[in-house]
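Input: a single structure, listed below in structure tokens.
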Amino acid sequence: MTVVLTLRPGITERIDASSIATDRTCWVGRRRVPLAELFDVKGEPSPDVRIAGDLRRVDGLGTGMSAGTLTIEGDAGRDVGHAMSGGTIDVTGSVGDGAGVAMSGGLLRVRGSAGDRLGAPLPGASRGMTGGEIIVRGNAGSGAATRARRGIVVVGGNAGPGVAHAMIAGTILVAGRLGAGAGLWSKRGSVIALGGLEIPTTYRYACTYRPPYVPVLLRYLQRMRGFTIDARFATGRYKRWTGDVADVGKGEILEWTT
């Protein structure tokens with residue numbers, strides 16, 4: 001059995017849906033509104049929930065999620081999967097800024113694109129995502145995987161500036177081109193760049209080789225997550241750059257060559 005929530009038409013204000021899982025009410029502006037006034041609800045209580053309608057103004061879907069499956073049909077607003085620790089969120093469209101912020105576990109899968117601060121920290125926090133997986137088939141905005149401590153972020157398109165800024169650990173793979181400043185102030189962790197980037201001046205060339213864990217990661221993404229990347233990236237060679245030497249300097253950028 002699946003619970004289906006369908007947003008009622010004609011709602012023009014932003015909706016804070018971050019409390020749906022706890023008390024079945026939402027914030028609309030400064031008003032707390034019962035869930036039934038915003039959504040048509042069908043089905044019995046279930047760990048599997050599907051949300052439909054024009055959700056671009058609905059923020060915080062899947063906040064604090066720890067189990068079950070949430071399917072979001074179409075585009076969604078900001079902060080999807082905020083602080084989620086388990087379960088699966090599957091978005092058939094795109095999401096706004098802050099998706100996967102402070103995430104510690106689970107799977108956030110976006111079939112479209114994502115805004116800024118994907119898997120980043122809360123304002124003022126010292127760490128971004130600390131576990132889990134984020135897979136975006138389209139593009140991502142600026143600051144993806146900022147201060148990430150653990151976990152995997154995969155972007156199928158291009159990524160904006162500041163990818164893996166101050167990364168502590170973890171992995172981000174970008175199939176398209178990366179914006180400026182990738183890996184700046186990184187302490188550890190890996191940035192895998194398949195579509196090219198400008199190497200920061202604080203990174204140093206180490207070698208060109210075939211990193212053994214990249215094919216393993218790509219096979220996992222294909223078999224377990226249905227995310228297919230051209231086979232040449234699994235068999236090709238990568239330039240390894242180490243940095244950021246302005247910090248601890250134990251991070252790496254792997255730049256695919258041929």
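The values are calculated or read from the model by the stated rules, or taken from the named source; none is laboratory data. All of these numbers come straight from a predicted model, not from anything done at the bench. Heads up, the Cβs are rebuilt from the backbone with ideal geometry, glycines too, and the neighbour counts pull from every protein chain shown.
Observations, loosely collected:
- Answer residue from the stretch 13-29, given it is at pLDDT below 85 and part of a loop (DSSP other than H, G, I, E, B) and is farthest from residue 69 (Cα to Cα) among those: 29
- Of all residues making up the stretch 38-48, the number that are modelled with pLDDT under 85 and either touching a helix residue (DSSP H, G or I) at 6+ places or on another chain (Cβ under 6 Å) or surrounded by fewer than 12 Cβ atoms within 10 Å (Cβ to Cβ) (or both): 2
- So residue 124, is it modelled with pLDDT of 95 or more and either within 22 Å of residue 221 (Cα to Cα) or part of a loop (DSSP other than H, G, I, E, B) (or both): no
- Any hit, the stretch 139-146, residues being in a strand (DSSP E or B), more than 16 Å from residue 82 (Cα to Cα) and without any contact (Cβ under 8 Å) to a residue 40 or more places away in the chain: yes
- Where a residue in the stretch 200-219 is in contact (Cβ under 8 Å) with a residue 12 or more places away in the chain and surrounded by 13 or more Cβ atoms within 10 Å (Cβ to Cβ) and its partner, wherever it lies, is β-branched (Val, Ile, Thr) and part of a strand (DSSP E or B), with Cβ under 8 Å and at least six apart: 203/242; 203/253; 204/242; 206/242; 214/192; 217/152; 217/171; 217/192
- Number of residues in the stretch 105-130 that are in contact with a strand residue (DSSP E or B) (Cβ under 7 Å, 6 or more places away or on another chain), more than 20 Å from residue 175 (Cβ to Cβ) and touching a residue at least 40 places away in the same chain (Cβ under 8 Å) equals 1.
- Among the residues making up the stretch 220-239, those that are more than 22 Å from residue 149 (Cβ to Cβ) and surrounded by 16 or more Cβ atoms within 10 Å (Cβ to Cβ) are 227, 229, 233, 238, 239.
- Where residue 175 falls short, out of the listed (1) surrounded by 20 or more Cβ atoms within 10 Å (Cβ to Cβ); (2) farther than 24 Å from residue 92 by Cα; (3) aliphatic (A, V, I, L, M): (2)
- Hits in the stretch 41-79 (condition: among the hydrophobic types (A, V, I, L, M, F, W, C) and closer than 18 Å to residue 4 by Cβ): 41, 49, 51, 52, 55, 58, 61, 65, 70, 72, 76
- Screening the stretch 72-84 for residues that are of a type outside the set (A, V, I, L, M, F, W, C) and touching a residue at least 24 places away in the same chain (Cβ under 8 Å) and picking the one that is farthest from residue 143 (Cα to Cα) gives 75.
- For residue 242, the test of being of a type in the set (Ser, Thr, Tyr) and in contact with a Lys or Arg (Cβ under 8 Å, 6 or more places away or on another chain) is passed.
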